[in-house]
1. Using only the Cα atoms, what convex hull volume per residue in Å³ does the chain have?
2. What residues from the stretch 82-125 fall in the zone where the backbone N is under 17 Å from a label point 7 Å along the Cα-to-C-beta line of residue 32?
3. Calculated FRET efficiency, residue 127 and residue 230, Cβ-Cβ r, R0 25 Å, to nearest 0.05?
4. Once fully extended, how much extra length lies between residue 183 and residue 256, figured as 0.36 nm per residue of separation less the alpha-carbon to alpha-carbon distance?
5. Determine the sum of side-chain charges near residue 209: Lys and Arg each +1, Asp and Glu each -1, restricted to other residues whose C-beta is under 9 angstrom from that of residue 209.
6. For the stretch 101-195, treating each Cα as an identical point scatterer without solvent, what Debye log10 I(q)/I(0) comes out at q = 0.20, 0.21 1/Å?
7. Could you check the simple spin-label distance between residue 67 and residue 149, using points 7 Å along Cα→Cβ, in nm with one decimal?
8. Given Cβ point charges of +1 (Lys, Arg) and -1 (Asp, Glu) and nothing else, what value in debye, to the nearest 20, does the dipole of the chain about its Cα centre take?
Amino acid sequence: MSQKSLNRRHFAGALAGLAAAQSARSEDPAQRTKFYMMQTFQLRQGTQLARLHEWLSKAYLPQLSKIHSGPQIVLESLIAPHNPQLLLIVGYSSFEQIAAIHSKMDADKEVAAAFAKVERDPEPLFDNQINALLEATPYSPEVVMQKHDKPRLFELRTYHSPTWTQHGAVHERFAGPEIKVFHKCGIHPILYTSTIFGTNMPNLTYLIPFESLAAREKAWDAFAVDPDWIKARKESIDKGGQIVAVTDLSIYRASAYSPVS
């Protein structure tokens, strides 16, 4: 058995254990997305990007779409700490669903054959893979599976808080005044999450589509001077201190084959 299969089986087993620890209840497949698997593939200049696009677009995503109707987003980095890189985000309704889908994909012979094909090149398919499991916040909208004529830009923002108490304060500010100001200024994130497994915890991670870099700049400029935002930020700092210690941001372009573009 390959190391890739062992890793995926270990991950599926861990999720199954978490699911078993939850109180028993029936799961409605049509319920809202509760979790997102975010896989970051760090690449080098050369053939890796084209080969990874080929595997995702011609093998992995077509097979995944046959057994899973949850949100699927594929993004290619434009501005990020590591370039090039590819981001795959898939939404699920439960731990049980994540484990079941990953087990089915791991056993899929067509996906395995396609992966073996792209791995035959002397250069590895990717240099590094970073996985994170994110939990949708109660105020996170449901991602709409919709393609645009022109793939949009997506800004990924992660706000790391010094303590879990301050992390909770960040969520309170978002759920209260901040999202209202976002929408007023033309900022419409498609998901808000907290990281369950990953780096720089505790954090709030959210994803924002923009039509262009100019539209992004205009929206953030308006947000920075909005009086409601200035008031909300001051009130949160007066109450809980600097509740966001570090902000990480990257900008991506949706791939042409991404179900959400």
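Every number in this text was worked out from the coordinates using simple rules, so none of it is lab data. All figures in this text were calculated on a predicted structure; none of them were measured in a lab. In this analysis, Cβ positions are derived from the backbone assuming ideal geometry, glycine residues included, and neighbour counts consider all displayed protein chains.
1. That works out to 137 Å³ per residue.
2. Zone members listed by number: 91-95.
3. About 0.05, to the nearest 0.05.
4. Gain on extension, residue 183 to residue 256, equals 23.6 nm.
5. Within the 9 Å Cβ shell, the charges total -1.
6. Log10 I(q)/I(0), no solvent term: -1.13, -1.18.
7. Distance between label points: 3.7 nm.
8. The calculation lands at about 220 debye.
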